[in-house]
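Inspection log for the structure reproduced underneath, given as structure tokens.
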Amino acid sequence: MATRIVVDPVTRIEGHLRIEATVENGKITDAWSAGTMVRGLEKILQGRDPRDAWAITERVCGVCTSIHALASVRAVEDALSITVPHTAELIRNIMQTTQYVHDHVVHFYHLHALDWVDIVNALKADPVKTAALAQSLSKWDKNTPAYFTEVQNKIKQFAASGLGIFANGYWGHPAYKLPPEANLLAVAHYLDALEWQKEIVKIHAIFGGKNPHPNFLVGGVPCSINTEEVNAINMERLNLVKKLIDQADEFVHQVYLPDLLAVASFYKDWAGIGGGLSNYLSYGEFPTQGYGNPDKFKFARGVVLNRDLSTVHPVNPRDSQEIKEYIAHSWYEYKGGNVDGLHPWAGETDIKYSGPKPPFTTLEGYEKYSFLKTPRWKEQAMEVGPLSRMIVSYAAGHTDVQELVKDTLGKLGAPVGALFSTLGRTAARGLDAKLAMDWLKEFFAELMERVKVREVSTFNNERWEPKTWPKDAEGVGLVEAPRGALAHWIKIHDGKIDNYQLVVPTTWNGSPRDGKQQRSSFEASLIGTPVANIEQPVEILRTIHSFDPCLACAVHLYDSEGRHIHRVTFE
Ligand code: NFE
Ligand code: MG
């Protein structure tokens with residue numbers, strides 16, 4: 001008999017997500033993913049100055065901070081044909097690679113690790129053996145018996161006081177496979193990562209004034225470089241950036257990547273679980289010769305269909321027949337009816353749902369069940385994220401990505417097919433961080449070369465004044481956010497925003513089914529997942545967390561009167 005499991009709220013994510021699944025004979029047979037809270041942005045933007053949009057959209061989320069600002073300035077620059085000086089583009093790349101590294105490390109330790117790491121079991125570890133294990137993995141200078149003894153003592157005190165926010169974890173669950181020493185090692189690095197993450201974000205503060213939500217600028221970046229000026233980005237600031245980059249490099253290579261491989265080696269069965277969709281979309285990222293030249297991006301742009309790595313299909317975000325958002329199962333209405341999808345330039349964001357509302361207990365049998373819309377590329381569901389970036393760049397022949405992927409699979413003794421899984425998704429995020437780390441160093445070195453020869457212009461003001469703009473303009477800003485393909489579409493009329501639509505990574509991955517009942521990534525990836533104990537569905541968390549969900553980004557509209565859109569009652 002099928003049993004229905006509800007996980008609501010899913011914790012260790014950003015925003016509000018509910019997952020329901022039916023389990024039969026110990027495996028998931030169907031799943032529903034619902035965004036349960038509404039936020040507001042797309043309507044707030046209407047009628048405003050396009051040059052301000054970055055500051056508003058950026059605040060959709062504090063996790064992928066800065067990313068929506070980048071998508072926004074790119075959309076406006078695209079609409080107004082503004083080219084950004086190369087030095088400004090380098091600084092944007094530095095900001096964004098910094099964001100990748102920060103976001104992925106925080107995800108691995110603070111949002112995902114406890115799906116694989118049993119804190120309580122770490123109490124059984126021998127600190128001497130833990131140090132030996134750690135030293136076999138890396139030369140990080142904290143890999144000593146004294147350090148692991150100290151961490152274990154902290155856990156002991158913590159456990160004695162009831163484990164605080166971790167009290168409801170599924171400790172002792174049979175799905176946890178790490179030996180006690182590996183658990184202790186991971187918990188120690190969980191704490192180290194907390195300390196470290198507040199350092200790397202200073203790079204955002206240096207170039208963008210603060211973090212989260214650093215400043216951006218249409219036409220460039222809002223900082224000027226002058227090595228002799230006390231208030232500009234001077235040598236002291238640049239030296240601090242260099243130091244923070246070196247620290248980050250050490251953390252990624254000496255802590256995150258060795259831990260990722262060590263943990264993964266105990267969970268190889270998860271290379272056969274959670275694959276979900278077989279289509280992968282990446283917009284490509286990190287311009288090296290301008291945003292208008294995607295062939296020279298570090299990550300490739302395109303779509304891989306049916307896991308066929310021999311072909312990369314081109315993506316055109318301007319084509320009204322390619323990317324569309326559907327609302328067959330979302331709490332919205334489109335003026336022209338709810339069957340056809342809308343291209344984002346013609347997108348609508350109106351919650352006028354009047355049909356039956358599901359009770360709090362279940363979504364079963366209700367046609368509409370989420371505040372996320374359902375994006376499709378040529379009517380097909382796409383997975384987005386680090387794994388999609390690896391797959392599309394691999395298929396596009398990017399040799400740095402190919403070598404890294406092959407090398408990692410070799411270390412794990414896993415075939416290429418292992419990529420298409422929960423484990424593959426989590427491993428791909430580590431590779432993404434490593435590539436971003438390497439490129440961060442490269443972009444910074446190039447910036448320093450330009451500083452030496454005083455090629456330091458960071459702003460193109462040619463089209464700053466609205467009187468230089470056409471009466472009507474439309475643009476699209478594509479970004480590979482840490483969680484995947486992100487785009488903002490803007491329509492400008494008489495110097496003001498006429499329409500503004502965001503289609504966000506977690507909207508692709510976490511959306512409800514489309515009108516043809518095709519599932520999106522979260523739902524598809526849960527099918528077939530084993531669940532050992534329906535009271536403690538850690539397996540659902542493993543797969544859902546492997547996407548690093550952000551519902552704050554994914555549900556970004558609001559009701560203009562601030563009404564309760566959907567009131568749930570406890571029964
Ligand atoms: Ni709020 Fe985000 C990222 C964007 S959504 S985290 O990365 O864009 O998936
Ligand atoms: Mg949207």
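On the given criteria, is residue 41 within 24 Å of the chain's Cα centre (by Cα), within 14 Å of ligand 1 (Cβ to nearest atom) and modelled with pLDDT under 95?
Against the criterion (within 24 Å of the chain's Cα centre (by Cα), within 14 Å of ligand 1 (Cβ to nearest atom) and modelled with pLDDT under 95), residue 41 qualifies.
Take residue 285 and decide whether it is within 16 Å of ligand 1 (Cβ to nearest atom), open to solvent by less than 50 Å² (accessible area, probe 1.4 Å), of a type in the set (Asp, Glu) and outside the structural domain of residue 98 (by TED's automatic domain parsing). First the steps, then the outcome.
Values: within 16 Å of ligand 1 (Cβ to nearest atom): yes; open to solvent by less than 50 Å² (accessible area, probe 1.4 Å): yes; of a type in the set (Asp, Glu): yes; outside the structural domain of residue 98 (by TED's automatic domain parsing): yes.
When the stated conditions are applied, residue 285 passes them.
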Out of (1) in contact (Cβ under 8 Å) with a residue 60 or more places away in the chain; (2) within 16 Å of ligand 1 (Cβ to nearest atom), the one residue 390 does not meet is (1)
Counted residues in the stretch 374-388 being under 25 Å from residue 347 (Cβ atoms) and either at pLDDT below 95 or assigned to a helix (DSSP H, G or I) (or both) come to 1
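Do we have residue 80 as more than 16 Å from ligand 2 (Cβ to nearest atom), aliphatic (A, V, I, L, M) and within 19 Å of the chain's Cα centre (by Cα) here?
no
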Selection over the stretch 478-502 where residues are crowded, with 24+ Cβ neighbours inside 10 Å and within 12 Å of ligand 2 (Cβ to nearest atom) yields a count of 6
In the set 248, 232, 193, the lone residue that is assigned by TED's automatic domain parsing to the domain that holds residue 93, closer than 24 Å to residue 66 by Cβ, open to solvent by less than 20 Å² (accessible area, probe 1.4 Å) and at pLDDT below 95 is 232
Expected output for the stretch 144-166 (first residue in the same structural domain as residue 180 (by TED's automatic domain parsing), partner basic (Lys, Arg) and assigned to a helix (DSSP H, G or I), Cβ below 6 Å, 6+ apart or cross-chain) is none
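Taking the stretch 464-504 only, how many residues are in contact with a Cys (Cβ under 9 Å, 6 or more places away or on another chain) and among the charged types (D, E, K, R)?
So in the stretch 464-504, the residues in contact with a Cys (Cβ under 9 Å, 6 or more places away or on another chain) come out as 481-483, 486, 502, 504.
Adding the requirement that they be among the charged types (D, E, K, R) leaves 483.
Looking only at that region, the number is 1.
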* Is it true that some residue in the stretch 261-268 is without any contact (Cβ under 8 Å) to a residue 60 or more places away in the chain and out of contact with any Leu (no Cβ under 6 Å at 6 or more places or on another chain)? -> no
Take residue 53 and tell me if it is touching a residue at least 24 places away in the same chain (Cβ under 8 Å), assigned by TED's automatic domain parsing to the domain that holds residue 174 and of a type in the set (Gly, Ala, Ser). no
Taking the stretch 495-535 and the residues there that are over 20 Å from the mean Cα position of the chain (by Cα) and not in a loop (DSSP other than H, G, I, E, B), the one that is farthest from ligand 1 (Cβ to nearest atom) would be 530
Residue 131 meets each of (1) surrounded by fewer than 19 Cβ atoms within 10 Å (Cβ to Cβ); (2) free of Cβ contacts under 8 Å to residues at least 40 places away in the same chain with one exception, condition (1)
Note on the stretch 170-190: residues open to solvent by less than 30 Å² (accessible area, probe 1.4 Å) and over 16 Å from residue 124 (Cα atoms) are 175, 189
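Regarding residue 214, is this residue buried (at least 20 other Cβ atoms within 10 Å of the Cβ) and either in the same structural domain as residue 31 (by TED's automatic domain parsing) or at pLDDT below 95 (or both)? Please lay out each step first, then the result.
On the way: buried (at least 20 other Cβ atoms within 10 Å of the Cβ): yes; either in the same structural domain as residue 31 (by TED's automatic domain parsing) or at pLDDT below 95 (or both): no.
The answer is no for residue 214.
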In the stretch 503-516, anything open to solvent by 10 Å² or more (accessible area, probe 1.4 Å) and within 11 Å of ligand 2 (Cβ to nearest atom) is listed as none
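Condition first: part of a loop (DSSP other than H, G, I, E, B) and in contact (Cβ under 8 Å) with a residue 60 or more places away in the chain. Now tell me which residues in the stretch 223-241 satisfy that. So that I can check it myself, show each step before the final result.
Step one: of the stretch 223-241, the residues part of a loop (DSSP other than H, G, I, E, B) are 223-224, 226-232, 234.
Of everything in the stretch 223-241, those that are part of a loop (DSSP other than H, G, I, E, B) and in contact (Cβ under 8 Å) with a residue 60 or more places away in the chain turn out to be 223, 224, 226, 227.
Of all residues in the stretch 340-382, how many are among the charged types (D, E, K, R), more than 16 Å from ligand 1 (Cβ to nearest atom) and open to solvent by less than 30 Å² (accessible area, probe 1.4 Å)? Walk me through how you get there before you give the answer.
Applying the first criterion (among the charged types (D, E, K, R)) to the stretch 340-382 yields 340, 348, 350, 352, 357, 364, 367-368, 373, 376, 378-379.
Applying the additional criterion that residues be more than 16 Å from ligand 1 (Cβ to nearest atom) yields 340, 348, 350, 352, 357, 364, 367-368, 376, 378-379.
Checking which are open to solvent by less than 30 Å² (accessible area, probe 1.4 Å) leaves us with 350, 368, 376.
Here the count works out to 3.
Among 102, 68, which is open to solvent by 10 Å² or more (accessible area, probe 1.4 Å) and either over 18 Å from the mean Cα position of the chain (by Cα) or not β-branched (Val, Ile, Thr) (or both)?
Values: 68 fails: open to solvent by 10 Å² or more (accessible area, probe 1.4 Å).
After applying the criteria, what remains is 102.
The values are calculated or read from the model by the stated rules, or taken from the named source; none is laboratory data. Since we're looking at a predicted model, the values are computed, not measured. Ideal geometry is used to build each Cβ from the backbone, glycine not excepted, and the neighbour counts take in all protein chains shown. Quick note on the areas: whole protein, heavy atoms, side chains included, nothing else; ligands and nucleic acids left out. Shrake-Rupley method; radii C 1.70, N 1.55, O 1.52, S 1.80 Å.
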